[in-house]
Amino acid sequence: MKRAVLWCAAVLLAAALTVLACFPASWLAPLVERQTGARLTLGDAQGTLWRGSAFLGGAPGAGGAVTPLLPGRFAWRLSPLVLVGHVALALENPLALSQPVRIDGGWSQWQVSPAELMLPAEGLAGLGAPLNTLAPSGVMRLSWTTLELLRQQQTVAVNGRTVLAMTDMGSRMTPVKPLGSYELAMDWHGQQAQLKLSTLRGALLLSGSGALDRGRLQFSGQASAANGYEETLGNLLNLLGQRRMVGGKNIIALEFK
């Protein structure tokens, strides 16, 4: 009897190890959807949990189609040591990442290596009004220093700095192209981040600061036209907010609370 129990246990262990070794990458898509509240998924996932590739897309709707959100495919390599609590993950995507990204740590704390991620400006329209009306275009890149991530119950605390560079931005609402280049810096401290928006150059001047606290955004800023562009950008500025007089000049107040 004892020998039979040991035999069954050995068979079950061998079966479990086989399943883990061949864990299909396609099984990861439902896990990503669940962890992101059905906002993201992995499209056309190939390979296994340990070594595979997929494109990052919006979770499929009623039609079941998955639309890529970022250029290229993300390839990954995950060390089996994750089974004993050591995470060693490498991500590559030459079309979206400036360099391979490494994620190291344990089950609740990770370190993300520095890199730069290219983002499609057209995706801003998905954030709703007024961006869906403005239909932004341009080149956006999100860069970060070494990031420290710590899981805290149902949330993740972040420490580090990220910078969103928006270069040669445009809009279908104005013939002025490009409108300008901008930078949004975010200094992360746990579940809070301090934000600062500034204009690097251009006809549309944007500035402001704020904070992101546990997913809640508070931001106060202003938009105005550079000298000589007041009339050309008038309609665009009206879409951004309410006009105010500051120092004898018309500006648009940007308030998010």
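Among the residues here, S209 qualifies as within 30 Å of Y229 (Cβ to Cβ), surrounded by fewer than 16 Cβ atoms within 10 Å (Cβ to Cβ) and hydroxyl-bearing (S, T, Y). Taking L237, is it in a strand (DSSP E or B), free of Cβ contacts under 8 Å to residues at least 60 places away in the same chain and surrounded by 17 or more Cβ atoms within 10 Å (Cβ to Cβ)? The answer is no for L237.
In region 67-89, the residues that are part of a helix (DSSP H, G or I) reach residues that are open to solvent by less than 70 Å² (accessible area, probe 1.4 Å) with C-beta atoms within less than 7 angstrom, at least six apart or across chains, in these pairs: P80/W50; L81/A88.
Among the residues of region 97-114, those that are open to solvent by less than 70 Å² (accessible area, probe 1.4 Å) and either in a strand (DSSP E or B) or of a type in the set (A, V, I, L, M, F, W, C) (or both) comprise L97, V101, I103, D104, G105, W110, V112.
For region 48-81, the set of residues classified as at pLDDT below 90, β-branched (V, I, T) and surrounded by 16 or more Cβ atoms within 10 Å (Cβ to Cβ) consists of V66 only.
The values are calculated or read from the model by the stated rules, or taken from the named source; none is laboratory data. Keep in mind that this is a model prediction, so the values were computed, not measured. Every residue, glycine among them, receives a Cβ derived from its backbone with ideal geometry; neighbour counts consider all protein chains shown. Calculation scope for accessible area: heavy atoms of the full protein, side chains included, ligands and nucleic acids excluded. Shrake-Rupley method; radii C 1.70, N 1.55, O 1.52, S 1.80 Å.
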